[in-house]
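The values are calculated or read from the model by the stated rules, or taken from the named source; none is laboratory data. All of these numbers come straight from a predicted model, not from anything done at the bench. Cβ sites come from the backbone with ideal geometry, for glycine too, and all protein chains shown count toward neighbours.
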């Protein structure tokens, strides 16, 4: 009787080991398609690594199309290129504006197909968020994006790794204008000048106060002997 009990226990132990092996194999199959990524390679970028007085304007775009043409006119007036991160849903509704942005030489980044919180998506959903927008923007402009600005500014190690594995650098910001709250233009200008440092990435959105502040922003930054560039060049 005791021997039979030992055999039963041993059989249960063996089945438990089999379960662990199968679980380990399924996890390996799920994640082995992605090579290991050294931390320093995929980490989010908050600022360009340069000692020179250079800065970049980065516009996240999921609304505000009514202000885009005048923003582009101001950039053109001062002979400045900026980086625009549109969502796919916005680009799909405003294809002519996307084409205009690209045709004027501005850099296109990827803000996800829709403005979903990436922290609430699983790995495959996050990958789809990036790649679906990539395909749309490439179809509209012929440009393949390689910079990812996560919606809501939500980022962690997992999000940055998945972006990198799909060919993207994750871009955050040095200076946040918080212009989506529609503060007075003077407040936007003050926030930028207070946070301005060499290699700064300046986050903005297409809002009315941003549009009104833009000429002063550009002139004040230039008065401090800064030059403007696009994000991709800034973070090389």
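Some points to look at:
Residues checked against (1) under 16 Å from residue 42 (Cα atoms); (2) in contact with a helix residue (DSSP H, G or I) (Cβ under 9 Å, 6 or more places away or on another chain):
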| residue | (1), (2) |
| --- | --- |
| 116 | no, yes |
| 124 | no, no |
| 139 | no, no |
| 143 | no, yes |
| 161 | yes, yes |
| 164 | yes, yes |
| 170 | yes, yes |
| 183 | no, yes |
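- Filtered by the rule that a residue be under 12 Å from the mean Cα position of the chain (by Cα) and surrounded by fewer than 18 Cβ atoms within 10 Å (Cβ to Cβ), the stretch 131-155 gives 146, 152, 153, 154.
- For the stretch 207-216, a residue qualifies if it is in a helix (DSSP H, G or I) and touching a residue at least 40 places away in the same chain (Cβ under 8 Å), and the qualifying residues are 208, 210, 211, 214, 215.
- Of the residues making up the stretch 91-146, those that are in contact (Cβ under 8 Å) with a residue 60 or more places away in the chain and in a loop (DSSP other than H, G, I, E, B) are 106, 109, 146.
Each row is one residue, and each column tells you yes or no for (1) modelled with pLDDT under 95; (2) farther than 20 Å from residue 80 by Cα; (3) surrounded by 21 or more Cβ atoms within 10 Å (Cβ to Cβ).
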{"position": "164", "(1), (2), (3)": "no, yes, no"}
{"position": "200", "(1), (2), (3)": "no, no, yes"}
{"position": "204", "(1), (2), (3)": "no, no, yes"}
{"position": "213", "(1), (2), (3)": "no, no, yes"}
{"position": "218", "(1), (2), (3)": "no, no, no"}
{"position": "230", "(1), (2), (3)": "no, no, yes"}
{"position": "233", "(1), (2), (3)": "no, no, no"}
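- Filter result for residue 104 (assigned by TED's automatic domain parsing to the domain that holds residue 209, within 29 Å of residue 193 (Cα to Cα) and more than 14 Å from the chain's Cα centre (by Cα)): yes
- Output for the stretch 217-234, where each listed residue is in a helix (DSSP H, G or I) and closer than 20 Å to residue 47 by Cβ: 217, 218, 220, 221, 222, 231, 232, 233, 234
- Count - residues of the stretch 184-195 that are part of a loop (DSSP other than H, G, I, E, B) and either buried (at least 18 other Cβ atoms within 10 Å of the Cβ) or within 20 Å of the chain's Cα centre (by Cα) (or both): 0
- Screening 43, 70, 65 for residues that are touching a helix residue (DSSP H, G or I) at 6+ places or on another chain (Cβ under 7 Å) and either over 30 Å from residue 214 (Cβ atoms) or at pLDDT below 85 (or both) leaves exactly one candidate, 43.
- Scanning the stretch 45-76 for residues that are surrounded by fewer than 21 Cβ atoms within 10 Å (Cβ to Cβ) and in a loop (DSSP other than H, G, I, E, B) yields 46, 49, 50, 51, 52, 53, 62, 63, 64.
- Single residue of the stretch 14-40 satisfying the filter (out of contact with any helix residue (DSSP H, G or I) (no Cβ under 7 Å at 6 or more places or on another chain), in a loop (DSSP other than H, G, I, E, B) and at pLDDT below 50) that is surrounded by the most Cβ atoms within 10 Å (Cβ to Cβ): 32
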